[in-house]
Every structure is written in structure tokens, then in C-alpha cells.
Amino acid sequence: VGLGILGLGAVGYVGYRISRAIHVNGPGGQMTLQTPEGKVNFNSAETFTASQLGTDPYPGAQSTRGGMKMDLPGGTMVTGVYLTSDSKQQVIDFYKGKFGSGAMVMESSDGAVVSINKSQEEAVVVTITANSSRDSGKTRITITHTKSTKTP
């Protein structure tokens, strides 16, 4: 019985700590997760600048749900999600031209990943998904920019 009471107390304390770490702000779906290691912001309405993304968003693409920003002691990660009616190949060609000869491209029948390491501490990865049924036939572009504050 004593062990059961201690176990319930531990579960209650963990639940309390979790509830204090997560803050949901406003009806727009913004959520902030504060941990001892850093902060993560999820905000479906937030749009990111080209400097935050590490590259320009695809011309004419519309920002959509799924973006986030993480600020951690070791660095930052920003993810922006966009939709365009242009084809997968048009988007690939745009980012290949933007990243130049250092671009790495991996393609499949319905998607592609175009990435570049700007330095040992900084990378940009663009994931392109063509004609996803959830996106009304549009091409989805996910840009993830990671930047480390620690030198390797």
C-alpha cells in the first residue's frame, strides 16, 4: 500500500511538471513547450523570413500549417511549410539553382529532398512532396534550417 501511494505521488508530480512546461496560447493554435534544455514554438499562423529559413521560400508559394521554431542550447531549428500549384520538378530546379553545385538531391516518384550544408554548423533541407491527396493536388514544400551554436 505504501509503495502504491509513493507511485501515485510520483505520477502526480510528473504530471504537474509537464502541465507547467506546456503553454497553449490563444485560439490560433500556438503552443510553447518550455524545457530545461530550451524552448519549442509551434504556431500554425507564423511565417518565417528567408534568413530564418536559410533560403528563400519558393516564389508564389503559400505558407500553411506545420511551421515551428526550436531554440535550444546547442542551436536552432526553423521549419516552414508551403504549398504551390507548380510541379515537383519546377520546385526542385528552383532550389538546385539557388543552392548551386553544393546541392545534394535525392528523388523518388512522388517526392524529393534538396539539401545543402552551408557550413559545419549550418544546413538547409528542402523536402518536396508532389500531389499529396491532403493538399488538393498541390506540391508541398517543407524547408528546415538548422544552425548549431557548438563547433564540431
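Throughout, read-outs are computed from the coordinates displayed, never taken from laboratory work. Since the model is a prediction, treat every value here as computed from it, not as a measurement. Methodologically, a virtual Cβ is constructed for each residue, glycine included, from the backbone with ideal geometry; neighbour enumeration extends over all protein chains shown.
Key figures
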| read-out | value |
| --- | --- |
| Given K69/K98; K69/K138; K69/K147; K69/K150; K88/K138; K96/K118, the pairs whose alpha carbons are separated by over 21 Å | K69/K98; K69/K138 |
| Electrostatic dipole magnitude of the stretch 40-152 [Cβ: Lys, Arg +1; Asp, Glu -1; Cα centre; debye, to 20] | 100 |
